[in-house]
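What follows is a set of notes on a single structure, which appears directly below.
Nothing in this text is a laboratory measurement; each read-out follows from the coordinates by a stated rule. If you're wondering where the values come from, they're calculated on a predicted model, not measured in any experiment. Reconstructed Cβ throughout: ideal geometry from the backbone, glycine too, with neighbour counts over all protein chains shown.
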Amino acid sequence: TEGMIANLLLHLLEAPHALAAVRAEPALAAAALEESLRLEPAAAVVDRYATADVELGGAAIDRGALVTISLAGANRDPAVFTEPDRFDLGRGDARRHVAFAHGPHVCLGMHLARIEARAGVRALLRRVPGLRLDEERPAAVRGLVFRKPAELVVRVG
């Protein structure tokens with residue numbers, strides 16, 4: 001959840017139009033969160049084991065083989081999402097992301113994580129109206145498996 005919140009804040013602070021929209025209409029925090037999860041899931045990959053021999057995309061996968069799945073890659077599939085590398089608060093299909101995985105391995109805490117992230121960001125934006133990124137200390141999402149900014153240096157005013 002902490003990574004989700006950091007990524008969402010970074011996406012909003014890097015997109016002034018989206019930040020202004022969420023400030024004006026706090027209910028838009030839900031759409032902003034889903035787009036942030038799509039663009040940069042806090043857990044970028046998951047490991048699974050093949051339960052049967054299968055061929056996928058021309059590659060043979062043996063039963064029992066470890067398969068690493070890129071949730072981040074799936075969430076930026078241009079066949080699914082238009083302009084997949086752009087943060088778009090109005091993206092109607094953002095919730096098609098797989099940031100919490102899918103099927104029998106879906107994250108059981110996803111609903112609580114969403115509630116915590118939306119509440120935290122709405123409270124922060126309400127309590128600190130002049131919040132903005134420090135231009136002299138830019139933030140970037142980092143990490144191979146768990147992705148988030150190492151720090152968010154902000155200014156007020």
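Normalised by 2.2 N^0.38 Å, where N counts its residues, the alpha-carbon radius of gyration of the range 1-59 equals 1.63.
Over all directions, average the projected area of the Cα convex hull of the range 31-157 and note it in nm².
Taking a quarter of the hull surface, the average projection is 9.7 nm².
The gain in end-to-end length when the His111 to Glu151 segment is fully stretched comes to 11.9 nm, 0.36 nm per residue minus the alpha carbon separation.
For the range 69-126, the calculated P(r) over all alpha carbon pairs, in 5 Å bins from 0 to the bin holding the longest distance, is 4, 16, 20, 22, 20, 14, 3, 0 percent.
Take Leu144, project a point 7 Å from its Cα along the Cβ direction, then tell me which residues of the range 51-74 have their backbone nitrogen under 20 Å from it. Of the residues in the range 51-74, 65-74 have backbone N under 20 Å from the label point off Leu144. Extension gain, Ala27 to Ile69, is 11.9 nm, computed as 0.36 nm per intervening residue step minus the present C-alpha separation. Along the chain, the exposed loop sites are trypsin sites (Lys or Arg not before Pro) outside DSSP states H, G, I, E and B with at most 13 other Cβ atoms within 10 Å, and the longest stretch free of them is 87-157.
The C-alpha atoms of the chain define a longest principal axis, and helix 2-14 lies at about 60 degrees to it.
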